1. Taking every eigenvalue of the Cα gyration tensor of region 86-131, multiplying by 5 and rooting it, what semi-axes result, largest first, whole Å?
2. Sort 321-329, 105-113 by the packing proxy (mean of other Cβ within 10 Å over each peptide's residues), most packed first.
3. In whole Hz, what ³J(HN,Hα) sequence does region 92-101 give by Karplus (6.51, -1.76, 1.60; θ = phi - 60°), x for Gly and Pro?
4. At R0 = 56 Å, how high is the FRET efficiency between Gln294 and Ser239 if r is their beta carbon distance? Nearest 0.05 is fine.
5. To the nearest 0.05, how large is the calculated FRET efficiency for Arg207 and Ile31 if R₀ is 45 Å and r is the Cβ-Cβ distance?
6. Could you tell me the distance between the Cα centroids of region 180-202 and region 109-166, to the nearest Å?
7. Hey, fewest Cβ within 10 Å first, where do Glu76, Glu169, Glu318 land in order?
8. When the Karplus curve 6.51 cos²θ - 1.76 cosθ + 1.60 is applied with θ = phi - 60°, which whole-Hz ³J(HN,Hα) does each residue of region 65-76 get, with x for Gly and Pro?
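What follows is calculated from the coordinates using simple rules that are stated; it is not laboratory data. Just so it is clear, the model here is predicted, and its values are computed rather than measured. Here Cβ is always computed from backbone atoms with ideal geometry, including for glycine, and neighbour counts include all displayed protein chains.
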Amino acid sequence: MLKGYASEGMLDNALALLDRMSAMGVRPNAIHAAPVVRAMAAHDRGRALAFMESLAGMGVATNAALWNNFLSGAYERDGMALMEALQQIARMGATGAKPNTDTFNILMSGCCRMDEPWGAKALFDRMKAEGVPPDALSYTTLMGALVQAGKLEQAIEAFQSLEADPRVEPDMAALNMLAYAYSRLDCMEDAIGVLDRIDSLAALEERAPSARGYGAVVAAFAQKNLPEGVFQIMQRFRSVGGVPDELMYNSVVRMCVRNRDWKRALRIAKVMELRGYSPDREVLTRMIQAVDQQLEEIELVPGQATQVKNRRFNEGLERFKFWLGLPNSYYNASWDWDDEE
């Protein structure tokens, strides 16, 4: 019941229930208080800290688990700066609570959300210096922070440290991050090798791989305008049960537009809509406007065959512009080539 009140934000009801429990001789413990602390911290950190002090007065130890609930509630949405994280560690110590792995994971994630990735790195280093063992989430959060900071080589080194740690095993999140780092560094053979590991782990866990790792490889090939690589990876992804997500589809549509493959671009965009995804119309519109400007600067090459070829090319463009809602001549011209001799 306490958890239900807390999850619904009915904090006064939760506190009243704790009072009734005390009146009945039921002494609340940290397990009872944890969801209340977390919900309270999300709304009023000061009130949550005061409540934790009152718990200490009732003999309820403010241990690391209780502090972790406070930190999760207080900083889950907006994150925290490194200095704030260090202050919270000091507050914990003042109450006799020692930060554990979960504590550092929460604080590291908070720094990332606050756009202070180096704060996450500093906290990871402190965790190890204090003898607190990192888990897979710790390493993955570190990798994410380094990627966020643009330090892709260091993100790969963090994964290598994970592999060297006998207490943890690489999980899917870490492998996806590794594939992303290799892809951004244009180490495509290494990135595809990571996909092999992703497939193996997904098969072991009896689930399909997520689109994150595969999407990073697809995006890298798409950015290089290499459709063969893009569609090979997408076909492989589907063959192992993967479902392309919105990011993957959008990277492919943009590649098709850059390559002037209008028919395929339009087909993929319509597939996205059928699957409930949103094509990035704003970006596509800017790309098409740039193409229009380029075409306006090109003079028609003399010769009927060349003119027909250009018009065939423009038909796909006009179709795509029509789908985007841009001014177009798709319905203002005839595309019946056989009648034009």
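1. Taking √(5λ) for each Cα gyration eigenvalue gives 18, 12, 8 Å.
2. Values: 321-329: 15.6, 105-113: 24.1.
My ranking of the peptides, most packed first, is 105-113, 321-329.
3. Whole-Hz 3J(HN,Hα) from phi for region 92-101: 4, x, 5, 9, x, 8, 9, x, 10, 4.
4. The formula returns an efficiency of 0.90 here.
5. Given R0 = 45 Å and the Cβ-Cβ separation, E is 0.90.
6. Using only Cα atoms to place each centre, the spacing works out to 20 Å.
7. Glu169, Glu76, Glu318
8. Whole-Hz 3J(HN,Hα) from phi for region 65-76: 4, 5, 5, 5, 5, 4, 5, 4, x, 6, 10, 4.
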